[in-house]
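Only one structure is covered here, and it is reproduced in the block below.
Taken together, the values in this text are just the output of simple stated rules run on the coordinates, not laboratory data. This structure is a prediction, so every number in the text was calculated from the model and none was measured. In this analysis, Cβ positions are derived from the backbone assuming ideal geometry, glycine residues included, and neighbour counts consider all displayed protein chains.
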Amino acid sequence: MRAALFASDAVALDVAEYLRSSGEWELACVVSNPDRPKGRGQKMSPNAASEWALKNGVELLRPPKTPSPEDMERLRGLGADFIIVMAYGHILKSCVLEYSEYPCLNLHASLLPDLRGASPIETAIALGRRRTGVSLMRISPGMDEGDVCAAKEILIDGFDTSATLRAKIGKAAAEVLKDNLRGALDGKIKFLPQDASCATYTRKLDKSDLLVDFNTDAIRICDRIRAFGCGIFEYKNMRMKIGSARAVDCAGVAGECGKIICASAEGGLKILCANGAIDVLKIQKPCAKMMDAADFLSGFSFDVSEPLKSFKNRSILSGPEKIFL
């Protein structure tokens, strides 16, 4: 049987490789998003799933929006029997969901009904979660609301970034598919409804989520930096990036949140937060490269007389968060 994989993110590459090389299935095509501008030069570039398909000689379809009935006819022409979706990025129309006699299956990067929506990987890290996972579900019209037939739990350690957790989830997704795809298609595995009362929802992230709120717990700030790749703070109208940081105790140190309590090559850059302080390990100023904080502070001096500005962060989750900690 031949699969069509709808994917636009690197998290789906292990699944793509499994479908291509398992011997049990054939990969008819990859359906992904069109090229988009990337980097400083805003050069049009393929996403990770498209790049993988091009490299491996797999038929690639890139409709400008969610696939239309005409796009689905192209899938039929390629002999696709069923559809697997993972991190595709679009709500699918009925012409996709009703493509064949087989269920349209989605691998979602969380333990549903937790962390439905657009950013389950980053949100899990940013919230300081200790576990997450991947779920195999039958797609329904609602956002990640479909019945689930299999799931695999994944532990999140204190050093995981969105990239390392994405790799863990991608590997687990391929394992879940290997163990359950045949049964899901044949109807031999039972699909169970999600408990909607326990559902939590993530949202699409944007650049404002990188801004640091020093009125937040120091551990949570470090979690967000790991999740989003960096944190941004403002110093004398310059926006500086924190590449990595750790939370440290600052018992007995008084001052306003955002106060720089140390800024030297020997002592590092430490900034007071609502609970503790962050010790900045890597930092970057505009038009420069990311540097170790000690090297940066050898050639840059901070004025410590005024606290750094805090930016109020929007909530990245809705729903009963306490259930899943």
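A few comments on the model shown:
- q = 0.11, 0.15 Å⁻¹, region 50-139: log10 I(q)/I(0) [Debye, one scatterer per Cα]: -0.39, -0.69
- A value for percent of Cα pairs over 25 Å apart was derived from the coordinates, and within the list (1) 56; (2) 52; (3) 48 it appears as (1).
- Debye-sum result for region 207-299 in log10 I(q)/I(0), which assumes one identical scatterer on each alpha carbon, at q = 0.16, 0.22, 0.25 Å⁻¹: -0.58, -1.13, -1.44
- Mean separation of Cα contacts under 8 Å, 6 or more apart, over the residue count of the chain: relative contact order %: 14
- Each peptide in 126-132, 188-194 gets a packing score, the mean of other Cβ atoms within 10 Å over its residues, and the list from highest to lowest is 126-132, 188-194.
- Inter-part distance, region 122-163 to region 286-304, computed on C-alpha centroids, equals 37 Å.
- Of the residues ALA80, LEU60, SER94, the one whose Cα sits farthest toward the positive end of the charge dipole of region 47-100, with +1 on the Cβ of Lys and Arg and -1 on the Cβ of Asp and Glu, is LEU60.
- Dimensions of region 189-245 based on its C-alpha atoms, expressed as ranges along the principal axes with the largest first, amount to 58, 21, 20 Å.
- A convex hull fitted around the alpha carbon atoms of region 1-153 yields 121 Å³ per residue.
- Close amide H partners of ASP213, meaning residues 5 or more places away or on another chain with modelled amide H under 5 Å apart, are PHE311.
- Shown in residue order for region 161-177 are the 3J(HN,Hα) couplings computed by the Karplus curve 6.51 cos²θ - 1.76 cosθ + 1.60 at θ = phi - 60°: 10, 4, 5, 6, 5, 4, 5, 4, 5, x, 5, 5, 4, 5, 5, 4, 5 Hz (x for Gly and Pro).
- Sorted on the mean count of surrounding Cβ atoms within 10 Å across their residues, most packed first, peptides 158-165, 201-208, 271-278 read 271-278, 158-165, 201-208.
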